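Before any comments, here is the structure.
The values are calculated or read from the model by the stated rules, or taken from the named source; none is laboratory data. Note that the structure is predicted; figures quoted are calculated from it, not measured. Glycine also receives a Cβ, built like all others from the backbone with ideal geometry; neighbour counts cover every protein chain displayed. Ligands, DNA and RNA are stripped out before the accessible areas are found, and what is left, the full protein with its side chains, is counted by its heavy atoms. Shrake-Rupley method; radii C 1.70, N 1.55, O 1.52, S 1.80 Å.
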Amino acid sequence: MIKIDLARGCGFCFGVREAIKKAQKAANDYGDVQMLGDIVHNEHVVQDLAKKGIHVVENLDAVDSSRPLLLRAHGTEKAIVAAAAERNLFTIDATCPLVLDIHKEIKELEAERRTIFIIGDHDHDEVRGIQSQVDKATVLSSPKEAKAIPRLKKAGVVSQSTQAMENFTAIVAILAEKIHDLRVVNTICHPTRQNQTEIKRIAAENELVIVIGSQTSANSKRLREVAAAINPRSYQVENAAELQPQWFENVQSVGISAGASTPDSQIQELIARIRQIDEARLST
């Protein structure tokens, strides 16, 4: 029988869990709620909330002012929040508290008159929200981009909450050589650090690694990338149906991790499907 090694703490992080609780409470309280974009990067979660009366709207022009508007876990751009206030829309803020902390940190760097850098993925929802908190901030996604930065006297750095620690460290090391007065605020959140530590462990200790998470989830993709650097037999799936029986040939142990937006139910379905594949293999 295949041994299943489930990464500690994988799946919903605190911020996602709290955002979904707020969404569900809003649906119970008001019956019909609008959500500005997907609350998290997981189609299963968004579809489940839609069944409860929480529907996605793409922009403020599509908002019905008679209904509550939920702001998603990744954070919302400052101009959009201001525009919603100007229209007197009833908003419910489901932004992760740790993301709000990053908003606070980047404003402090601006107050210190530093050139500001955000280590993160270009055009990611969370990164756009962080960037909008100040007049100007440059996003750096790779060491290559950091190398193109000119020498500066004074700068500050924050990070997208789900960045890989290795990428963050590599970029900071490059900036430290170019900037005389560099203040670095490591805003990678604790759940992300734990998930990255655990994915390294399970990748090293198991023959096969499966990460379950949406293809739109940056942190799920990052987990698979970290795992693949250690164990080439590492795959990402969006649901249990995507598992391929041939992956499990001659495999005795499987490590499982999940993105921060992956619900517990999907993790359990994945485990159940692996058990089915294993039983079918043993019966032949």
Problem set entry | Lys, Arg +1 and Asp, Glu -1 on Cβ, resulting dipole of the chain about Cα centre, debye, nearest 20 | 760
Exercise. Remind me, relative contact order of the chain in percent, using alpha carbon pairs under 8 angstrom and six or more residues apart?
Worked result: 22
Exercise. Taking the stretch 63-151, which trypsin sites (Lys or Arg not before Pro) meet the DSSP loop condition and have no more than 13 other C-beta atoms within 10 Å?
Worked result: ARG87, ARG113, LYS136, ARG151
Problem set entry | Simple Cβ-charge dipole of the stretch 100-213, Lys/Arg +1 and Asp/Glu -1, about Cα centre, in debye nearest 20 | 580
Exercise. If you roll a 1.4 Å probe over the heavy atoms of the protein chains, what accessible area per residue do you get for the stretch 1-110, in Å²?
Worked result: 50
Exercise. In nanometres, what is the gap between the two model label sites at LYS147 and LYS51, each 7 Å from Cα along Cα-to-Cβ?
Worked result: 5.0
Exercise. Under a point spin-label approximation (7 Å from Cα along Cα-to-Cβ), what is the GLU249-ASN28 distance to one decimal in nm?
Worked result: 5.0
For this session: Can you send over the solvent-accessible area of CYS13, 1.4 Å probe, protein chains only, in Å² to the nearest 10?
Result: 30
For this session: Work through the residues other than SER66 whose Cβ is under 14 Å from its Cβ and net out their charges, Lys, Arg +1 and Asp, Glu -1.
Result: 0
For this session: Work out the count of Lys pairs in the stretch 1-59 where the Cα-Cα distance is under 22 Å, with the pair 8 or more places apart or on different chains.
Result: 6
Problem set entry | Neighbour net charge for VAL56 - beta-carbon separation under 12 angstrom, K R +1, D E -1 | -2
Seminar exercise, completed: With bins of 5 Å, the percent of all Cα-Cα pairs of the stretch 119-169 per bin from 0 is 4, 18, 31, 26, 17, 4
Exercise. In whole percent, how big is the carbon plus sulfur part of the accessible area of the chain, probe 1.4 Å, protein atoms only?
Worked result: 50
Problem set entry | Probe 1.4 Å, protein heavy atoms only - accessible area per residue of the stretch 173-246 in square angstrom | 44
Problem set entry | Relative contact order for the stretch 1-106, counting Cα pairs under 8 Å that sit 6 or more residues apart, in percent | 29
Problem set entry | the stretch 85-241 - convex hull of the alpha-carbon atoms, volume per residue in Å³ | 135
Seminar exercise, completed: Given the candidates ALA218, GLY255, SER141, the one whose Cα lies deepest towards the positive end of the charge dipole of the chain, counting +1 at each Lys or Arg C-beta and -1 at each Asp or Glu C-beta, is SER141
Seminar exercise, completed: Per DSSP loop assignment and a cutoff of at most 10 other beta carbons within 10 Å, the chain keeps its longest run without exposed GluC sites (Glu not before Pro) at 59-248
Exercise. Charges only on Cβ, +1 for Lys and Arg, -1 for Asp and Glu: so what's the dipole of the stretch 117-170 about the Cα centre, in debye to the nearest 20?
Worked result: 460
